[in-house]
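Right, one structure below, let's go through it.
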């Protein structure tokens, strides 16, 4: 640990590891997003918890395009198409 601190202190760019802003990231096994009520609930939960990014698994949305983007309130939902009887993965981004 001591050598890591020495390397960071001796760095030519001391702001290399400084954050400009905090980003809150969460994950959620959503089970399904087929019903609009689940999307509303997800958006409300994300905004209530002040999350910037949420990773989703098991959304079960099947669409023609490999990746689909939709907006709901102040969030963007990016989904990869699930296969029939298979889960899918998605990311929700806050538009803040």
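Nothing in this text is a laboratory measurement; each read-out follows from the coordinates by a stated rule. Since we're looking at a predicted model, the values are computed, not measured.
All C-alpha pair distances within region 57-96, sorted into 5 Å bins from zero, spread as 7, 27, 29, 21, 12, 4, 1 percent across the bins. For residue 41 and residue 80, the difference between the fully extended length at 0.36 nm per residue and the C-alpha to C-alpha distance is 12.0 nm.
Given the Cα-Cα distance of residue 48 and residue 89 and 0.36 nm per residue of separation, how much length would full extension add, in nm? Could the numbers behind the result be given before it?
Working: separation 41, 0.36 × 41 = 14.76 nm, distance 2.23 nm.
Separation in residues times 0.36 nm, less the Cα-Cα distance, equals 12.5 nm.
A quarter of the convex hull surface defined by the alpha-carbon atoms of region 21-94 gives 4.7 nm² as the mean projection.
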